[in-house]
Amino acid sequence: MLRWIPLLPLAAAAYHGVMLAFVRRPTPRWATIAISCGSVALSFVLACVGFWKLRGLAPESRVLVDEIYTWISAGVGDQAFSSDLAFALDPISAVMALVVTGVGALIHIYSVGYMDDDDREDKGFQRFFCYLNLFTFSMLVLVLADNLVLMFVGWEGVGLCSYLLIGFWYSDRFNAYCGSKAFIVNRIGDFAFLVGIFLVFRALADLGAPSVGFADIEKHAAQMAAMTLPVPAWMPFGPDWSLVNTAALCLFVGACGKSAQLPLYVWLPDAMAGPTPVSALIHAATMVTAGVYMVCRLSFLFAVAPEASAVVAWVGGVTAIFAATIAIAQTDIKKVLAYSTVSQLGYMFLAAGCGGYTAALFHLGTHAFFKALLFLGAGAVILAMHHEQDIEKMGGLHRRIWRTHLVFLAGVLAIAGFPGFSGFFSKDEILLAAYTSHVPGHQWLYAIGVATAGLTAFYMFRLYFRTFWGKSRAPKALRDHMRDPVAWVIDPLWVLAFFSIFAGIVGLPQAYGDWFRGWGVEESNSLAKFLAPALAPGEPHALAHSTEYWMALGTVLLAALGAALAWLLYVRRPELPGRIARAVAAVYRLVLNKYYVDEVYDAAVVRPLVRFSDRVLFRGIDAGLIDGAAVNGTARTVRGIAANGLKYAHSGLTQGYIFFMLAGAVALVGYLVR
Amino acid sequence: MSFPDLNFSVLAPIGFVAVGAMVVLMGEVFLSRARTFLGREITEAWIGSMLALTSIVFLALAIYAAWAAFAAGSSAVFNPDNPMLRLDSFSALVSGVIALASLLSCALAIAYLADLRINHGEFYALVLLATAGMLLMVAAVDLLVVFLGLELMSIPIYVLAGFDRRKLRSNESALKYFVIGSFASAVLLYGMALLYGTAGATSFEAIRAGFDAESPMALIGLGLVVVGFAFKISSVPFHQWTPDVYEGAPSVVTAFMSVTVKIAAFATLMRLLALAFGGLGATLVDVLWVLAALTIFVGNVMAIIQENVKRLLAYSSVAHAGYLLIGFVTGTIEGYTAVLFYLFIYLFMNLGAFGVVVALAHRGQECERVESFAGLARSRPGLAALMTLFMISLAGIPGTAGFIAKFVVFSAAVKAGVIWLTILGVLMSVVSIYYYLRIPVLMYMKEPAEDAEFAEVSSGEALVLGLCAAAVLCFGILPNDLTLPLLGKLRLLDWAQESVKLLLGA
């Protein structure tokens, strides 16, 4: 049964592909919609069934496996490697599958309304749903894979779909450029990911279990911790590297690429060139969280690699605050949300690196809801504004599109960590994990987390106020015709808003769970308990409930301060931000231009590489040596032999032919007789 | 005097073809005199189609007879007292393949001949007679019958090469082929005579028993027989007639002879080497090695500078003869199996390639220059796609049958330790990609030179090309496991190996 969860969206994508490539006749729009949305919705139902079945099992045996066939079988003897095409549903993948299909189905429905006017000669509407279904399939393969190789297939599949969808409106060259950028930056991470897979395989092969299955990794993680990797003695930390740390770091670099962490985050803001539903589904809710999922999926490996985990935590923390500061100065509504995504993903890595895998996954889930909500809400705003994305040209929208405003506000409150909203609980868990962990400098990580929470509240409310309050800065013609989008667009938002508010209940920490006992909340921390068997045991919370309350209060106060500051600056005294920007012009420019990271990369990496490729690899080696000397040179030689030598032996005269035959016969017989 | 116990079933495949030739010949005589047939008026085109259909029916019967003999796995001689013809699984298999190639050529010819206004019924009679000669040749276990078959094959083909009487190049082609062919036949016959002189008999068995490797007479005889066959398979330096004849002959004749003659000559040579010359003496291996190397090199290199498609394909067929000779150099069961398998595949890809040239011919203006393929993908996308498929198969690119064929030959050679020849073969395959891919490049990446207007593809051509393309693709993926409805499992490699094992008595 499990296989049908990914296969249904694949079948839908295949249908669209055949229709687009081979049938080439306009297909009825209702069929496109029914097949696309229906397949994902059915997958969601199947995922629910699987989830229910899992809950029925004893906690330690909660895993369903669907082996389709042996995919790779290589080698002989005790080094024989085999990898199955098999899907496994365990607590982590069940949660992920629910998020992917659930949020995915809502976004599919939303897209029907959003892409409605995309009716150009390249059949944009159906093409869009083809890619979207293909993406859902790849993402589900990634999530449900029971080994690293199959996971990598899904990993590459989502990368491809991301590329296709970022450049969906390819007639604009810039979109195509953004797609390529995302693809190439991801390629860097993928390379490290592959190296990581090879290292894991090598370690397991040495332990007599040549495979890359997650179950084997879990079983042998403790033994792998003792293994070393010989490297040349002059390398730092040589001559023996800890194998798990190396492998875990390589895998984490892969995660950095996909989940847009420092230093590989640069593609995500540009990925906003794609249609907004794509930004919501791929670049906020699902694909970009794949890196977090991978780290949690390999929690047993990371748990025995403390140094690598510390790197994960610190990269996550630094990314979180770094991206949050950039988000403050952006004026493109989607760019703000993109940097916010980078920042929130940093949060998740911070938790995972500190051993709080449950917290990371919890935040992954709540973030999927509220960030999808925010993106889709932004999409609704963009639709209402006739594809204007600059918040400087918005303002005062709250009365004109009040439904959009309401759901957007729910998302803002959730991400800012308003008490009671989902984001509050998941963020709380992350800060708690950072506070109690043994990662070097964890107090600083905690401080960074709290500061980021304040910054998040500030920039989100800035966005909110600039968009929905104050005086309208839109042209009059536009202002008069503004209304909420159609039901296709707005209805999924209500569902997402509901979950953004209440999804926190599944992971209600003990400290708050006790308050609600008898109010329908039977147990606290139900998510943690559900996930526990599939994760490496995290660090125990040895904190009094009162400490927890104080910590939460501090965070909330800081966030409230951020929100209040935003109100002051953008509603109460709208002239102030300009003055501040002028006062600290240098800092403002630095932040506005995103710390010039793109420019630095361009100057330090891209341009030298392009120049090297062009001058040396292309003109020197490829065109000069390979094409010029090797290929054309031999071609000229061979042709020369024919044109200047052999040709003259072929006279076209019968007597000439007979002469050669005779000569040949004499030579042949002469050799035989000798 | 007792009447010998003759086994007429041995004659079945040859008989069907020969009788078919007679029927076609007589049918032509009567039909061309008649104005009406069964009450309806008849045209020349109708006569042509009818005669073609008749030939196809007889060839199909021959294929069926050969297939039945192969399936029965029997080995029977026509006259037990004096075995000259033997129908065993080897000759049955090869006969079936040759008859299939002739059948496809007949189907290809109908529209082509009508278009060129040379729609004379003799064409089919000559094709059938030549086919009968080939079947005789591959069933022979006696030098006399070999020669008889060879001449029965060659003389109709000399005529066929000049079938377009009004065209000068066709005439030149026929005359050149005839003169040089006669010379080669004389050499072959001389060699046979010398072998008879040493052994005192002409049967393969007697020659094997009486062959004296020390006697110059035997060695000269052996050498001359090899030269005679080297001519027929167009091995360098006995190949020079090939481009001229292939170019001058009507395209459909070229398609027919390039495939069938090669299969018949290679199969007969294989039988001679296996039965008459007792495996291979070390000296003969050296000779074949040199012939193979020269053939591969000259064929591929000369193909590069050709500007005429038929000449290009002629040199390509020379090159393929070289690859086939590698199989002979090994002298192993694998090598011989590879040769046989290669011949099957060669049938489909070469007939397909020439078939496209045939299908492009229009009102006597043959589409022969390589340049005339420019932009063909735009005007005739179907034919362009097929031509591309046949070209990449001839070049031996994976996914096509041509790759499997080359792979089987080369791997047999490596197993037998024939390393340097294999390296040369692989290197020259790379060279061949240049001239093979030149045609797809022109078709897909160049603008058409002028507004070329081409004829529609006839149903016969479409059928043949479709079949060849399907074979090239299917055998490229499943060379030994293709299961078809009615025909069952097509185990080409196993069949080839089975018959070769029988041939070598292993």
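The values are calculated or read from the model by the stated rules, or taken from the named source; none is laboratory data. All values derive from a computational prediction rather than experimental measurement. We place every Cβ from the backbone using ideal geometry, glycine too, and count neighbours over all the protein chains shown. Just the protein is used for accessible areas: all its heavy atoms, side chains included, with ligands, DNA and RNA removed. Shrake-Rupley method; radii C 1.70, N 1.55, O 1.52, S 1.80 Å.
Just a few scattered comments:
- Top-ranked residue in region A:370-409 [being assigned to a helix (DSSP H, G or I) and among the charged types (D, E, K, R); ranked as modelled with the highest pLDDT]: A:K371
- Qualifying positions in region A:476-489 - touching a Ser or Thr at 6+ places or on another chain (Cβ under 7 Å) and in a helix (DSSP H, G or I): A:R479
- Identity of the residue in region A:54-101, at pLDDT 85 or above, open to solvent by 70 Å² or more (accessible area, probe 1.4 Å) and charged (D, E, K, R), that ends up nearest to A:V506 (Cα to Cα): A:R55
- Of the helices (runs of 4 or more DSSP H) that lie entirely inside region A:232-295, those containing 3 or more residues that are open to solvent by less than 10 Å² (accessible area, probe 1.4 Å), touching a Gly at 6+ places or on another chain (Cβ under 9 Å) and under 24 Å from A:I197 (Cα atoms) span A:243-258.
- Subset tally (residues that are open to solvent by 40 Å² or more (accessible area, probe 1.4 Å) and either assigned to a helix (DSSP H, G or I) or at pLDDT 75 or above (or both)) for region A:526-542: 4
- Residue count for region A:24-40, restricted to those that are in a helix (DSSP H, G or I) and open to solvent by less than 40 Å² (accessible area, probe 1.4 Å): 8
- Restricted to region B:146-181, and to residues there that are among the aromatic types (F, W, Y) and within 14 Å of chain A (Cβ to nearest Cβ), the residue that is surrounded by the most Cβ atoms within 10 Å (Cβ to Cβ) is B:Y177.
- Residue satisfying condition, being open to solvent by 60 Å² or more (accessible area, probe 1.4 Å) and either touching a Cys at 6+ places or on another chain (Cβ under 6 Å) or touching a residue at least 60 places away in the same chain (Cβ under 8 Å) (or both), within set A:Y596, A:Y601, A:Y648: A:Y601
- Yes/no for A:A497 being assigned by TED's automatic domain parsing to the domain that holds A:E388 and within 22 Å of A:A285 (Cβ to Cβ): yes
- Taking the criterion of being within 12 Å of chain A (Cβ to nearest Cβ), in contact with a Gly (Cβ under 9 Å, 6 or more places away or on another chain) and part of a helix (DSSP H, G or I), the residues of region B:194-218 that qualify are B:L194, B:M217, B:A218.
- All positions within region B:314-337 that are among the small types (G, A, S) and under 16 Å from B:V285 (Cβ atoms): B:G322, B:G327, B:G331, B:G335
- Test: residue in region A:633-642 that is touching a helix residue (DSSP H, G or I) at 6+ places or on another chain (Cβ under 6 Å), open to solvent by 70 Å² or more (accessible area, probe 1.4 Å) and without any contact (Cβ under 8 Å) to a residue 40 or more places away in the chain: yes
- Highlighted here are the helices (runs of 4 or more DSSP H) found entirely within region A:583-667 that include at least 3 residues which are within 14 Å of another protein chain (Cβ to nearest Cβ): A:633-640.
- Test: residue in region A:19-27 that is of a type in the set (S, T, N, Q), free of Cβ contacts under 8 Å to residues at least 60 places away in the same chain and farther than 24 Å from A:V153 by Cβ: no
- Test: residue in region B:120-138 that is over 19 Å from B:F204 (Cβ atoms) and outside any helix (DSSP H, G or I): yes
- Among the residues of region A:184-231, those identified as open to solvent by 20 Å² or more (accessible area, probe 1.4 Å), closer than 20 Å to A:G154 by Cβ and of a type in the set (D, E) are A:D216, A:E218.
- Just one of the listed residues (B:V408, B:V414) is touching a residue at least 24 places away in the same chain (Cβ under 8 Å) and part of a helix (DSSP H, G or I), and it is B:V408.
- Selected residue (only one of B:G425, B:G399 is of a type in the set (G, A, S), in contact (Cβ under 8 Å) with a residue 40 or more places away in the chain and buried (at least 22 other Cβ atoms within 10 Å of the Cβ)): B:G425
- Pairs, first within 11 Å of chain A (Cβ to nearest Cβ) and open to solvent by less than 10 Å² (accessible area, probe 1.4 Å) in region B:227-249, second of a type in the set (A, V, I, L, M) and assigned to a loop (DSSP other than H, G, I, E, B), C-beta under 9 Å, six or more apart: B:A230/B:V236
- Filtering region B:286-339 to residues that are away from chain A (no Cβ under 14 Å) and either in a loop (DSSP other than H, G, I, E, B) or on the phi > 0 side of the Ramachandran plot (or both) leaves B:G331, B:T332.
- Qualifying residue in region B:142-163 (condition: at pLDDT below 95 and assigned to a loop (DSSP other than H, G, I, E, B)): yes
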